[in-house]
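**Q** The structure is given below, and queries will be raised subsequently.
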Amino acid sequence: MLLTKICILSAIIGIILLIIIGDKVEAPSSTINSIKKEDVNKPIKIIGVSKNIINKGKLTKIELEDKSGKIDIIVFNSKKIPIKKGSTIEVYGKISVYENKPQIYAETIKIIN
């Protein structure tokens, strides 16, 4: 009985620690030209200026540019994203490849200005 209580307590403490640590871990910040096709499925954080925005129903494609290059950001959504052309945004997401070019599937987007 004591062993069961110790196991349950250890599991609860472990879950709490994972929640606390998980909030502190961030994807590395990158520049567009540092993204390679070999980085597929890796998390990424990138900051740039939106140059073009195309809404296609539940999919939005944002062309993002920083000092080093351009990349497409893909957002799967059901509502319009309040980003305007020329907005500086911070994107968290995962790297993917489409038509032999890297792109980012956005998980969160934060408007900086």
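**Q** Of all beta bridges DSSP finds with both residues in segment 27-111, what is the antiparallel percent, to the nearest 5?
**A** If I count the DSSP bridges inside segment 27-111, around 85 percent turn out antiparallel.
**Q** Pick from GLU99, GLU63, GLU90: which residue has the top mean-square fluctuation in a GNM of the chain where Cα pairs under 10 Å get a spring?
**A** Of GLU99, GLU63, GLU90, the most mobile in the Gaussian network model is GLU99.
**Q** Could you give the C-alpha radius of gyration of segment 27-111 expressed as a fraction of 2.2 N^0.38 Å, taking N as the number of residues it contains?
**A** Taking the Cα Rg and dividing by 2.2 N^0.38 Å, one obtains 0.98.
**Q** Read phi for every residue in segment 44-56 and hand back ³J(HN,Hα) as whole Hz from Karplus 6.51 cos²θ - 1.76 cosθ + 1.60, θ = phi - 60°, with x for Gly and Pro.
**A** 8, 10, 9, 10, x, 10, 6, 9, 8, 10, 10, 9, 10
**Q** Pop out the ³J(HN,Hα) list for segment 66-77 in order, Karplus 6.51 cos²θ - 1.76 cosθ + 1.60 with θ = phi - 60°, rounded to Hz; leave Gly and Pro as x.
**A** These are the phi-based 3J(HN,Hα) values: 10, 5, 9, x, 10, 8, 8, 10, 10, 10, 8, 8 Hz.
**Q** Could you calculate the FRET efficiency of TYR105 with ILE19 from 1/(1 + (r/R0)^6), where r is the beta carbon distance between them and R0 is 30 Å, rounded to 0.05?
**A** 0.80
**Q** Going down the table (LYS36/LYS94; LYS37/LYS110; LYS51/LYS94), which pairs top 23 Å between alpha carbons?
**A** Beyond 23 Å: LYS37/LYS110.
**Q** Given +1 on the Cβ of Lys and Arg, -1 on the Cβ of Asp and Glu, and no further charges, what dipole in debye does segment 27-111 carry about its Cα centre, rounded to the nearest 20?
**A** With only Lys, Arg, Asp and Glu charged at Cβ, the dipole is about 300 debye.
**Q** Another one. Hey, what angle do you get for helix 2-24 against the long axis of the chain, alpha-carbon based, 0 to 90 degrees rounded to 10?
**A** Tilt of helix 2-24: around 20 degrees.
**Q** Could you calculate the contour length gain from TYR98 to ASN113, that is, 0.36 nm times the residue separation minus the distance between their Cα atoms, to one decimal place in nm?
**A** 2.5 nm
**Q** Which FRET efficiency, nearest 0.05, do LYS80 and LEU3 yield, Cβ-Cβ r, R0 35 Å?
**A** In this case the efficiency is close to 0.05.
**Q** Could you tell me the calculated FRET efficiency between GLU90 and ILE54, based on Cβ-Cβ distance and R0 = 22 angstrom, to the nearest 0.05?
**A** E(calc), rounded to 0.05, equals 0.65.
**Q** Springs between alpha-carbon pairs under 10 angstrom, Gaussian network model over the chain: which of ILE73, ILE44, ILE13 fluctuates most?
**A** Of ILE73, ILE44, ILE13, the most mobile in the Gaussian network model is ILE13.
Any read-out appearing in this document is the output of simple, stated calculations on the displayed coordinates, not a laboratory observation. Note that the structure is a prediction, hence the values are computed from the model and not measured. So basically every Cβ, Gly included, is an ideal-geometry build from the backbone, and we count neighbours across all protein chains shown.
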